[in-house]
1. Scan (1) at pLDDT below 95; (2) under 21 Å from Asp134 (Cα atoms); (3) surrounded by 14 or more Cβ atoms within 10 Å (Cβ to Cβ) for the single condition Ser75 breaks and write down its number.
2. Could you look through the range 92-106, keep only residues that are out of contact with any helix residue (DSSP H, G or I) (no Cβ under 6 Å at 6 or more places or on another chain), touching a residue at least 12 places away in the same chain (Cβ under 8 Å) and of a type outside the set (Phe, Trp, Tyr), and pick out the one that is surrounded by the most Cβ atoms within 10 Å (Cβ to Cβ)?
3. Looking at this structure, is Leu11 at pLDDT 90 or above and either surrounded by 11 or more Cβ atoms within 10 Å (Cβ to Cβ) or over 16 Å from Phe88 (Cβ atoms) (or both)?
4. For the range 143-157, which residues satisfy the criterion of being in contact with a Gly (Cβ under 9 Å, 6 or more places away or on another chain) and more than 19 Å from Asp57 (Cα to Cα)?
5. Has the range 58-73 got at least one residue that is part of a strand (DSSP E or B) and out of contact with any Phe, Trp or Tyr (no Cβ under 9 Å at 6 or more places or on another chain)?
6. Here is a check on your reading of the model: is Lys123 farther than 17 Å from Pro30 by Cβ and buried (at least 16 other Cβ atoms within 10 Å of the Cβ)?
7. If you go through the range 37-48 one residue at a time, do you hit one that is at pLDDT 90 or above, among the hydroxyl-bearing types (Ser, Thr, Tyr) and crowded, with 18+ Cβ neighbours inside 10 Å?
8. Of all residues in the range 126-147, how many are within 21 Å of Ala81 (Cβ to Cβ), buried (at least 17 other Cβ atoms within 10 Å of the Cβ) and not basic (Lys, Arg)?
Amino acid sequence: MFTRILRLALLPLLILGCTAGLHAGDPQTPETLIASLYKQHETKTPFFQVENKALLDSFFAKSLADALWKDAKESRGEVGALSFDPLFDSQDSDITYFTIHQAKMQGDTATVAVTFSNFGRKKKLVFSLVAQGDLWRITDIRYAKDLTLAGLLAGNH
């Protein structure tokens, strides 16, 4: 029990390490957006909530933010298209070895891999992002077995 609490307590420090040194006005990178999303998820997840659409818009491209918002609204507090935590690809978590990898850039798009162990099982999520002016926004998250967040929300999986 103590080990689990310690591991969960260390997660914000790992995320903080990805954003250390950033100040208001610093340029946003794909990695800092992902780190900010995980940090936000610790206090008030943007997923499953229906109080603040702007919270979704601050991380996700319009089409994905709209799909997440629609799913949360239509599910009315019940399980919608997502029956798991989208940032850890699981319902329960005991996260260790959390790493946000360097972005692979291609023009105005990027992919960022996030790896971690959950209950000792290695996981890898790949975030797809697009530049919108000076900001980056997430367009999709790819999980194992070619499942994607956008596909799940669209009912394609």
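The values are calculated or read from the model by the stated rules, or taken from the named source; none is laboratory data. Treat the numbers as computed from the prediction; the structure is a model and nothing was measured. Note that we place each Cβ from the backbone using ideal geometry, even for glycine, and neighbour counts take in every protein chain shown.
1. (2)
2. To start, the set of residues in the range 92-106 that are out of contact with any helix residue (DSSP H, G or I) (no Cβ under 6 Å at 6 or more places or on another chain) comprises 92-93, 97, 99, 101-102, 104-106.
Then drop every residue that is not touching a residue at least 12 places away in the same chain (Cβ under 8 Å), which leaves 92-93, 97, 99, 101-102, 105.
Of the ones still in play, those that are also of a type outside the set (Phe, Trp, Tyr) are 92-93, 99, 101-102, 105.
Values: Asp92: 9, Ser93: 18, Thr99: 11, His101: 14, Gln102: 11, Met105: 14.
That would be Ser93.
3. It is false that Leu11 is at pLDDT 90 or above and either surrounded by 11 or more Cβ atoms within 10 Å (Cβ to Cβ) or over 16 Å from Phe88 (Cβ atoms) (or both).
4. If the condition is that a residue be in contact with a Gly (Cβ under 9 Å, 6 or more places away or on another chain) and more than 19 Å from Asp57 (Cα to Cα), then His157 is the only one that fits.
5. Yes, some residue in the range 58-73 is part of a strand (DSSP E or B) and out of contact with any Phe, Trp or Tyr (no Cβ under 9 Å at 6 or more places or on another chain).
6. Against the criterion (farther than 17 Å from Pro30 by Cβ and buried (at least 16 other Cβ atoms within 10 Å of the Cβ)), Lys123 qualifies.
7. Yes, some residue in the range 37-48 is at pLDDT 90 or above, among the hydroxyl-bearing types (Ser, Thr, Tyr) and crowded, with 18+ Cβ neighbours inside 10 Å.
8. 7
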